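Just below is one structure, and these are the notes that go with it.
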Amino acid sequence: MTDDYNLYPLHVFRLVAQLGSVTRAAQELFISQPAVSAHLKTVESKYGEALFERTPRGMKLTPAGEALHEHVGRLFALYEGVTTAIADMRGEVRGEIVVAASSTPGAYLVPNLLREFQQRYPAAQPVLKVGDSGEVLAWLHDYRVSIGVIGEIAITDDLERVEIGSDKLQLVVGADDALGRTRQIKPAQLQSRTLFLRESGSSTRAGSVELLGDLLPSFARTVELTNTEAIKQSVAAGLGVAVLSSWTTKLEEAAGLLQPVKDSRFRLTRKFYLVKRKDRILTGNAAAMWECLTKAR
């Protein structure tokens, strides 16, 4: 029975599932690849099922592996919450707490909120983890983070969300572009234009599609970029247009590098949400963080 208390093989299994690679898991754990494989074999022997399928793209979970991964994620979330739960009993808020955020709120909203949290709880150590909205949702689903901040993107029923802020999405062009001064843009004026878009999974991408709607096919071409800064610089250089957050273009507008178009149809208010799993009970610093960010709205 004492073997049941050894969680390390499950930790190895969880990491391989997250990284999709035995090699990368070995590097992360500072152990050999055969050692990782041995731990996986231990877990498969215990449960009597193959947990992974090797594919050209890496290690893919089998249906049994997916079921185990869900339970292991919940197990480690509870285990990691033990320390903070005990600190909570003492009335303390201390230690590291990770908040995952998509790129726009991660750069322009969350840092100030974390500063307010740390001023309130000096012994706490807030850490910001940034990805696109799809990645943040994946981290929440896999129990890798307890709290996330995302834009307006579809979420599943197992997640809870609370609005904490908003920005404005707007079609942006170079400062010298006559399109910016046009009060009613027609489809024909877009036919020679390149539209820069964020990657799929980004809430800015989803907002761009919603804002432009039937006009999307009017553009000569669309170019996908994963970096907002690269999109801004491309638009400022006159290479195309883009839908961007008003937060991200504030400095460039003030410097006379970018301008939002005057056509009011190309503006859309977007909300940002604090998100967590409904089945994850927040304790200690995570509970304090949730309360603090919720009140900050």
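The values are calculated or read from the model by the stated rules, or taken from the named source; none is laboratory data. All values reported here derive from a predicted model rather than from experimental measurement. Counting neighbours? That spans all protein chains shown, and the Cβs are built from the backbone with ideal geometry, glycine included.
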Report task. Spot the failing condition for residue 216; the list is (1) of a type outside the set (Lys, Arg); (2) in contact with a helix residue (DSSP H, G or I) (Cβ under 9 Å, 6 or more places away or on another chain); (3) touching a residue at least 24 places away in the same chain (Cβ under 8 Å); (4) assigned to a helix (DSSP H, G or I), and only one is missed. Result -> (3)
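On the basis of being in contact with a Ser or Thr (Cβ under 7 Å, 6 or more places away or on another chain), of a type in the set (Asp, Glu) and modelled with pLDDT of 85 or more, does residue 44 make the cut? Working first, answer last.
Working: in contact with a Ser or Thr (Cβ under 7 Å, 6 or more places away or on another chain): no; of a type in the set (Asp, Glu): yes; modelled with pLDDT of 85 or more: yes.
So residue 44 does not fit the description; no.
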Query raised in the report: When the residues of region 205-235 are filtered to those that are touching a Leu at 6+ places or on another chain (Cβ under 8 Å) and hydroxyl-bearing (Ser, Thr, Tyr), which remaining residue is surrounded by the most Cβ atoms within 10 Å (Cβ to Cβ)?
Result: 208
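With the requirement that a residue be farther than 18 Å from residue 233 by Cβ and modelled with pLDDT of 90 or more, what does region 183-204 give you?
Within region 183-204, the first condition is being farther than 18 Å from residue 233 by Cβ, and the residues that meet it are 183-192, 200-201, 203.
Those that are farther than 18 Å from residue 233 by Cβ and modelled with pLDDT of 90 or more: 183, 184, 185, 186, 187, 188, 189, 190, 191, 192.
Return a yes/no flag: does region 29-40 have any residue that is farther than 17 Å from residue 79 by Cβ, outside any loop (DSSP other than H, G, I, E, B) and under 25 Å from the mean Cα position of the chain (by Cα). Write out each step before concluding.
So the first thing to find is which residues in region 29-40 are farther than 17 Å from residue 79 by Cβ, and the list is 29-40.
From what's left, outside any loop (DSSP other than H, G, I, E, B): 29, 33-40.
Now drop any that are not under 25 Å from the mean Cα position of the chain (by Cα), which leaves 29.
Looking for residues that are farther than 17 Å from residue 79 by Cβ, outside any loop (DSSP other than H, G, I, E, B) and under 25 Å from the mean Cα position of the chain (by Cα), one finds at least one in region 29-40, hence yes.
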Requested in this report: Inspect region 265-286 for any residue being modelled with pLDDT of 90 or more, farther than 15 Å from residue 113 by Cβ and hydrophobic (A, V, I, L, M, F, W, C) and give the result as yes or no.
Outcome: yes
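Would you mind listing the helices (runs of 4 or more DSSP H) fully within region 68-179 where at least 1 residues are in contact (Cβ under 8 Å) with a residue 12 or more places away in the chain and in contact with a Gly (Cβ under 8 Å, 6 or more places away or on another chain)? Break it down into steps so the answer makes sense when it comes.
Working: elements: 103-108, 110-120, 133-141.
Those helices (runs of 4 or more DSSP H) span 103-108, 133-141.
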**Report entry** Condition broken by residue 112, with the remaining ones in (1) within 18 Å of the chain's Cα centre (by Cα); (2) within 22 Å of residue 10 (Cβ to Cβ); (3) exposed (fewer than 13 other Cβ atoms within 10 Å of the Cβ) satisfied
**Finding:** (2)
Report summary line: Of the conditions (1) surrounded by fewer than 20 Cβ atoms within 10 Å (Cβ to Cβ); (2) under 24 Å from residue 107 (Cβ atoms); (3) touching a Leu at 6+ places or on another chain (Cβ under 7 Å), the single one that residue 189 does not satisfy is (2)
Query raised in the report: Out of all the residues in region 31-41, is one or more modelled with pLDDT of 85 or more, of a type in the set (A, V, I, L, M) and within 30 Å of residue 282 (Cβ to Cβ)?
Result: no
Report task. Any residue in region 41-60 that's more than 13 Å from residue 17 (Cα to Cα) and assigned to a loop (DSSP other than H, G, I, E, B): show its pairings with residues that are at pLDDT 85 or above and among the small types (Gly, Ala, Ser) at Cβ separation under 6 Å, as long as the two are six or more apart or on different chains. Result -> 49/64
**Report entry** Enumeration of residues in region 259-297 that are touching a residue at least 12 places away in the same chain (Cβ under 8 Å) and among the acidic types (Asp, Glu)
**Finding:** 263, 279
